[in-house]
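Taking it in order: structure first as structure tokens, then the write-up.
What follows is calculated from the coordinates using simple rules that are stated; it is not laboratory data. Predicted model only: the values in this text are computed from it and were never measured. Backbone-built Cβ (ideal geometry, glycine too); neighbour counts: all protein chains shown.
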Amino acid sequence: MDFIRILLGTLALFSFIIFLILYIKYYERKGIYFPARKIHLTPKDMGLEFEDVYFSSSDGIRLNGWFIPAGESRATILFCHGNAGNISHRIEVIYLFNKLGLNVFIFDYRGYGRSQGSPTEEGLYMDAQAAYKYLVEKRNLKEESIVVYGKSIGANVAVELCSKVKTAALISESAFTSALDMGKKLFPFLPLKWLISIKFDALSKIKDIIVPKLIIHSKDDRIIPFKHGRKLFEAAPEPKEFYPMRGGHNEALFLAKEDFVDKIDVFLQKHLDK
């Protein structure tokens, strides 16, 4: 009887471990990206003129984005959005950037909005590089006039992009240090280093980014803890600035819009405006 109980206990433990591994693999595929296909609003709904743009990633995926001009612009924001929704859910942030005298080019990753395909880590990186290439090659913008902005997982994509190409500056909002560090928060008892395949490792990449960096994170962020932003800031080389906000992950910017705009404006004046 003791042998049977031990055997059944071992089988139960083994089954539980297998279930956790399968759940983590499922979470990697389905629990990170939450794309929406329907476009609800366009910049025109905020009184902004825009161009509806299609371009292709290096693996042939057709992507969609919007280019919102600002007349005599001081720079162009390459906008890498977060893991949910699509470009139509970022209209208000586009408006804030545009009113600062910035062109805005926001694009949907593969699987989001009107972009083809399905999202993956490497796919998001390729899509951001394709958006950058579009600005440089199709719109003939100078590399030193492009400011890359990313929010949440988009900030990790922005860090990856800025570690590979020449830009004017990086603005990172609510980035996480790595997928492994985030996983430890959710599954602290599992050997995730050996279980997860995604990385989104901003911590190691930000060390190679020498352009001016503005790192933004809310002290009240319960989705991506504040310590992630601080670690990224500490790892980043100069020139760099840190902007701590208050409010939740998705609310902080809207609770302090004027302060957010002022911080961006001062950062640009210091590092870009001549």
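Take the eigenvalues of the Cα gyration tensor for the range 82-156, scale each by 5, and report the square roots as semi-axes in whole Å, largest first.
Working: eigenvalues 79, 54, 24 Å².
Rounded to whole Å, the semi-axes are 20, 16, 11.
Which part of the range 81-96 falls in the paramagnetic zone of Thr42, meaning amide N under 15 Å from the point 7 Å along Cα-to-beta-carbon?
Taking a point 7 Å out along Cα→Cβ of Thr42, the residues of the range 81-96 whose backbone N falls under 15 Å are 87-89, 91.
Name the residues whose placed amide hydrogens come within less than 5 Å of the amide hydrogen of Gly117, ignoring near sequence neighbours (fewer than 5 apart) on the same chain.
Gly111
If the elastic network links every pair of Cα atoms under 10 Å, which of Ile146, Ile171, Ile198 fluctuates the most in the Gaussian network model of the chain?
Ile198
In the range 114-144, which residues have a backbone nitrogen under 15 Å from the label point lying 7 Å from Val165's Cα in the Cα-to-Cβ direction?
Inside the label zone: 123-144.
How much length would be gained if the chain were fully extended between Gln269 and Lys227, taking 0.36 nm per residue of separation minus their Cα-Cα distance, in nm to one decimal? Before the final figure, lay out the partial values.
Working: separation 42, 0.36 × 42 = 15.12 nm, distance 2.77 nm.
This chain segment gains 12.3 nm when fully extended.
Is there a pair in Lys99/Lys199; Lys231/Lys263; Lys219/Lys257 whose C-alpha atoms are over 27 Å apart, and which pairs would that be? Could the numbers behind the result be given before it?
Working: Lys99/Lys199 35 Å; Lys231/Lys263 20 Å; Lys219/Lys257 16 Å.
Too far apart for the 27 Å limit: Lys99/Lys199.
For the chain, what is the Kirkwood hydrodynamic radius in Å, using each pair of distinct C-alpha atoms? Don't jump to the answer; show the numbers that get you there.
Values: mean 1/r = 0.0511 Å⁻¹.
Result for the chain, one decimal place: 19.6 Å.
Given only helices, namely DSSP H runs of n ≥ 4 each adding -39500 (n - 2.57), what is the per-residue ellipticity at 222 nm of the chain, to the nearest 500 deg cm²/dmol? Walk me through the numbers before you get to the answer.
Details: 9 runs with 101 residues, N = 274.
Value at 222 nm, helices only: -11000 deg cm²/dmol.
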